[in-house]
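Structure first, then comments.
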Protein chains: 2
Amino acid sequence: MKEHIVIVGSVALDSITTPFGKINRGVGGSSVYSSLAASFFSPVAIIGVVGADFPGGFLAKLNKKGINTDGIKREPGKTFFWRGKYSWDISTAISLDTQLNVFEKFDPSVPEYLRASKHLFLANIDPVLQKKVLKQMKPRKSGGFTALDTMNFWIEHKREKVKEVIKKIDVLLLNDGEARELFEMPNLSRAGKSALGMGPRAVIIKKGEHGALLFTRAAHFSAPSYPLENVVDPTGCGDCFGGGLTGFLAKTDDVSEWNVRKAMIYGSAIASHNAEGFGLEVLKKISIVDVERRFNEFKSIREF
Amino acid sequence: MKEHIVIVGSVALDSITTPFGKINRGVGGSSVYSSLAASFFSPVAIIGVVGADFPGGFLAKLNKKGINTDGIKREPGKTFFWRGKYSWDISTAISLDTQLNVFEKFDPSVPEYLRASKHLFLANIDPVLQKKVLKQMKPRKSGGFTALDTMNFWIEHKREKVKEVIKKIDVLLLNDGEARELFEMPNLSRAGKSALGMGPRAVIIKKGEHGALLFTRAAHFSAPSYPLENVVDPTGCGDCFGGGLTGFLAKTDDVSEWNVRKAMIYGSAIASHNAEGFGLEVLKKISIVDVERRFNEFKSIREF
């Protein structure tokens with residue numbers, strides 16, 4: 001049996017409005033987008049919490065995609081809720097309402113039999129919870145990796161906690177604004193190098209419609225973005241990128257720089273698909289064939 | 001004898017302040033940066049105007065670089081003057097003072113013997129002047145191209161004139177904000193396609209620290225940016241990109257999509273060098289060997 005990649009993050013109900021339509025209380029959250037993206041490459045085990053209002057059949061749908069949901073607790077109360085809006089400049093979300101609900105007291109617990117998993121993706125949640133999960137995992141004997149994503153909210157509210165957990169991981173993901181904010185320097189190359197100095201062997205700066213950058217001690221890589229003409233809903237694109245990337249790294253069990261470059265393109269391919277529909281609409285529909293096709297398109301976008 | 005590329009644009013005196021120092025009334029302007037960049041590849045003929053205060057020996061320095069200055073008029077009065085400032089987020093210039101001076105009544109005239117030149121770069125100036133120069137040129141028998149750069153100021157003040165001249169050219173250069181503004185659409189891929197619909201065979205959207213995009217009817221290309229850690233003064237980077245690009249296209253006399261991709265990387269290589277020093281400091285110093293070295297670095301930045 002192939003080993004699971006353990007993914008911890010939020011499970012949410014999202015109400016999203018964009019210039020092209022809206023969705024009301026659709027399932028979302030960083031761990032859901034990430035897990036679906038990772039599942040194109042690797043078996044996934046998702047760790048999270050949902051409330052009593054969470055749609056009953058959804059976990060079974062994840063299971064069918066090879067996603068183990070034993071680590072999802074169901075608690076009394078309501079599921080984490082987010083209401084957001086995108087205007088014509090569709091790259092920036094405006095948060096209208098955030099209700100932590102059951103997430104407020106979430107105490108993540110990795111099922112015992114999954115604690116020896118070699119691959120761990122700490123998707124975007126409170127760095128205190130990320131650290132808790134990290135502590136529950138058994139020491140890796142060989143191979144494997146821990147990747148971590150974060151966001152401006154945690155950098156602003158728990159900066160030291162974010163830094164603590166970054167020291168313990170292999171692959172750091174964050175977006176350009178967050179990198180500037182965390183390291184207090186406007187130059188992304190310098191911010192990337194500062195991040196490397198904290199411990200990770202690979203630092204990936206996500207730039208949305210401008211692609212993504214990879215910094216390692218030896219080299220620099222710039223992943224292009226896909227020239228999307230119809231961005232319908234960018235919610236979850238960063239999580240898809242992280243999930244696709246870590247899923248591919250888990251499948252190949254190879255965190256060499258060259259393989260991380262490939263993994264970034266797979267992550268970008270899935271994220272670009274995701275933006276073309278509302279909520280999870282596209283992720284539910286596409287197959288690895290669609291992902292591979294877009295991966296190859298990325299090659300032609302980049303050649304000179 | 002190799003044919004000249006004719007470059008028309010501004011010749012300026014710039015006073016620039018950045019967090020790393022300042023320069024007082026240094027020579028600049030779109031045609032000067034562009035011509036120096038183009039001169040790595042091709043003989044250049046520059047068309048412009050300077051005032052009585054313009055430093056006497058400067059044109060002779062351009063001549064030594066293979067830049068013909070017969071098309072530069074010296075008029076009574078002062079040279080076009082720009083005072084600008086960059087703060088810690090060094091990507092955006094703040095204009096503090098702009099004095100058109102002799103530029104206000106500039107009536108460009110291409111010397112008769114240069115009017116048969118096959119290669120023309122209309123660098124950033126008033127679209128009315130760009131059109132005037134275009135009209136003076138003799139019809140091309142075979143090969144060659146006209147490239148055009150513009151800026152937000154002209155899009156805001158002379159939108160219809162900008163559109164008129166875009167209809168008559170082969171290669172359009174503009175930055176991302178300008179593309180969004182000119183075509184009134186936030187999506188760059190759509191803006192790029194709208195631009196193609198107006199006539200140019202290649203539309204290049206410059207994104208500063210995020211690289212550049214190429215749109216042709218058949219394909220899409222994304223040029224990475226160079227991971228500069230020490231941006232000292234970005235003044236003229238867009239002009240260096242345009243000059244390097246058109247200089248390479250003139251040298252090769254090949255506007256095929258594949259060659260435009262290469263030309264974009266050469267333009268990026270020169271622009272990235274330029275940002276590492278004040279004003280023209282770096283352009284005066286580097287050689288084609290430095291440009292080729294950086295071109296090769298760009299290959300390693302985008303491989304996967």
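Given the stretch A:5-302, what percent of its DSSP beta bridges are antiparallel, to the nearest 5?
40
Evaluate chain A: find the radius of gyration of its Cα atoms, find its Kirkwood radius, and give the ratio Rg to Rh.
0.93
Using only Cα atoms, what is the ratio of the radius of gyration of the stretch B:148-242 to 2.2 N^0.38 Å?
1.06
Using a cut-off of 10 Å between beta-carbons, work out the net charge of the residues near B:Ser117 (Lys and Arg +1, Asp and Glu -1, B:Ser117 not included).
Residues near B:Ser117 contribute +3 overall.
Please give, to one decimal in nm, the separation of the simple spin-label points placed at B:Lys141 and A:Lys64, each 7 Å out from Cα toward the Cβ.
Placing both labels 7 Å beyond Cα along the Cβ direction yields 7.0 nm.
Treat every Asp and Glu Cβ in the stretch A:5-302 as -1 and every Lys and Arg Cβ as +1, leave all other atoms uncharged, and give the resulting dipole magnitude about the Cα centre to the nearest 20 debye.
860
Straight-line reach from B:Lys262: which lysines fall under 18 Å, measuring Cα to Cα and dropping same-chain residues less than 8 apart?
Answer for B:Lys262, where 18 Å is the Cα cut-off: A:Lys299, B:Lys206, B:Lys207, B:Lys251, B:Lys299, listed by chain and number.
Between A:Ala116 and B:Glu297, what is the label-to-label distance in nm when each label sits 7 Å out along the Cα-to-Cβ direction?
Rounded to a tenth, the inter-label distance reads 4.8 nm.
Would you order B:Trp88, A:Trp154 from fewest to most other beta-carbon atoms within 10 Å of each residue's own beta-carbon?
The order, fewest Cβ neighbours first, is B:Trp88, A:Trp154.
Just to verify a number: FRET efficiency for A:Lys158 and B:Asp53, C-beta to C-beta distance, R0 = 45 Å, to 0.05?
0.20
With no solvent and one point per C-alpha, what does the Debye sum give as log10 I(q)/I(0) for the stretch A:231-302 at q = 0.22, 0.25 Å⁻¹?
Here log10 of I(q) over I(0) equals -0.93, -1.13.
As a test of the formula, what do you get for chain A when each DSSP H run with n ≥ 4 contributes -39,500 (n - 2.57) and the sum is divided by the residue count, at 222 nm and rounded to the nearest 500 deg cm²/dmol?
Computed mean residue ellipticity for chain A: -11000 deg cm²/dmol.
Would you work out if the stretch A:67-211 is rounded, prolate or oblate? Take a ≥ b ≥ c from the square roots of the eigenvalues of the alpha-carbon gyration tensor; rounded if a/c is under 1.5, else prolate when a/b is larger than b/c, oblate otherwise.
Taking the square roots of the gyration eigenvalues as a ≥ b ≥ c, the stretch A:67-211 is oblate.
Please report the antiparallel percentage of the DSSP beta bridges confined to the protein assembly as shown, to the nearest 5.
About 40 percent, rounded to the nearest 5.
With the Cα gyration tensor of the protein assembly as shown in hand, convert its eigenvalues to equivalent ellipsoid semi-axes via √(5λ) and list them largest first in whole Å.
The three semi-axes for the protein assembly as shown are 50, 23, 21 Å.
Values in this text are rule-based calculations from the coordinates and carry no lab data. Everything quoted here is computed from the prediction, not taken from an experiment. As a convention, Cβ positions derive from the backbone with ideal geometry for all residues, glycine included, and neighbour counts pool all protein chains shown.
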